[in-house]
Amino acid sequence: MDELLVDRGPERSVVQAAVDRARAGHGALVLVEGAPGSGISALLRAGVAAAQAGGLAVLHTRAVVADRSVRHALVARLLSDRLAGVAHDERARLLAGEAAAAGPLLERGVHAGARTAHGVAVLIGNLSRSAPLAVAIDDLQWADAHSLRSLDVLANELAQLPIVVLLGRRRGEPVAAPAALHPLRERAEVLSLTALSAAGAATVVRAALPGASTAACDAFAQASGGNPFVLHELLRAAATAPGAYDLADALVAGDLKETLALAEQLDQYGEKPGRLIFPLVRRLREVHQAASLLGAGLPDAKVAEALRGPPWASKKVIAKAKKADVATLERAICVFADLEVELRGGGDVRVDEDAAFSVALARAAG
Ligand SMILES: Nc1ncnc2c1ncn2[C@@H]1O[C@H](COP(=O)(O)OP(=O)(O)OP(=O)(O)O)[C@@H](O)[C@H]1O
Ligand SMILES: [Mg+2]
């Protein structure tokens, strides 16, 4: 399924136009910039998808922190991956002439000579002879200076090549090789990602929580500041913790019907059972601890202290513990511990996660 991208219509049009130009033989360079989590990688992925849909071949990689100080590390990886399975003849054709200067990169990793940057650019050009090409590189803030120079040499030739280069860079992160990035940036069409609008954020919220109220959507939009990464994290937390807690409470109450109804609701949010086990068991343990301490004769205030949560939360846990049956709680905790071992691949039989989870719930509640 396509990744949901809201508020990025204009940026996607720019990328699409660049892809179209490359198909027509006149390449283009687009640099996507934004704050951490603003959706840089997601937009690059959409660009790659658009390129593939347009019949372009794709070279896709990202810089990593370790690249910063290793000459040509980034382009060496990009090209070695592409040439890994290529037949001998074809490889010789690709590395003919000036491209030969890039050969040592592929043989010995990152060693390189004076003509390497040029050789890399020629080699990438040669790769576009059989089909138009998209080169997508993310996290350029960590790219080494030599790789950036190769890309700059390539960028200088793009107008005559069927190649679209899509680059991504986090803003606000120190750039490993600013002097090498600068000229490349000057050549690029720069797209600056902004925060999501309230309406855009609401679309994302409702995709995760269908039927969320306008007030709830606004609260998520505000709390995330319109940052897509933060918004997704908040939604994940909201979908996991409270849902799991309700489920745990139904289990504590020994209410099988309610337990299964809640499990079904969570399923509609696309919740993976594996992720629920941790908050669920944490809740069960809390109530179990409170019930054990109460059983040992401790007063509520001491039990609340032992729970170490905020007072209102401890109060709720204690109220549940007073009604709970310690043996039932213990059984439920054991059932989920078993399930967790099973889901982590304890046996060689592949477990159907959903089915195993439903069975565990039924056993724990009933
Ligand atoms: N426009 C958007 N609409 C909806 N969801 C989005 C949008 N952009 C990004 N996301 C989602 O937000 C999350 C973070 O996006 P992404 O990883 O692309 O951010 P990033 O800017 O590359 O972050 P980083 O700084 O970690 O590299 C992902 O789950 C992604 O699917
Ligand atoms: Mg990213």
### Query
Does the stretch 32-83 hold any residues that are assigned to a loop (DSSP other than H, G, I, E, B), over 21 Å from residue 103 (Cα atoms) and more than 15 Å from ligand 1 (Cβ to nearest atom), and which are they?
54, 55, 56
### Query
Going through the stretch 19-31 one residue at a time, which ones are outside any strand (DSSP E or B) and farther than 11 Å from residue 159 by Cα?
19, 20, 23
### Message
For the stretch 61-110, give me each residue that is acidic (Asp, Glu) and exposed (fewer than 15 other Cβ atoms within 10 Å of the Cβ).
### Response
81, 89, 90, 107
### Message
I need a count of the residues in the stretch 15-24 that are touching a Leu at 6+ places or on another chain (Cβ under 8 Å) and farther than 15 Å from residue 48 by Cβ.
### Response
0
### helices (runs of 4 or more DSSP H) within the stretch 125-220 that include 2 or more residues surrounded by fewer than 22 Cβ atoms within 10 Å (Cβ to Cβ) and within 16 Å of ligand 1 (Cβ to nearest atom)
198-208
### Task
Give the residues of the stretch 268-295 that are modelled with pLDDT of 85 or more and not small (Gly, Ala, Ser), sorted by residue number.
284, 285, 286, 287, 288, 289, 293, 294
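The values are calculated or read from the model by the stated rules, or taken from the named source; none is laboratory data. Because the structure is predicted, anything quoted here is derived from the model rather than measured. We place every Cβ from the backbone using ideal geometry, glycine too, and count neighbours over all the protein chains shown.
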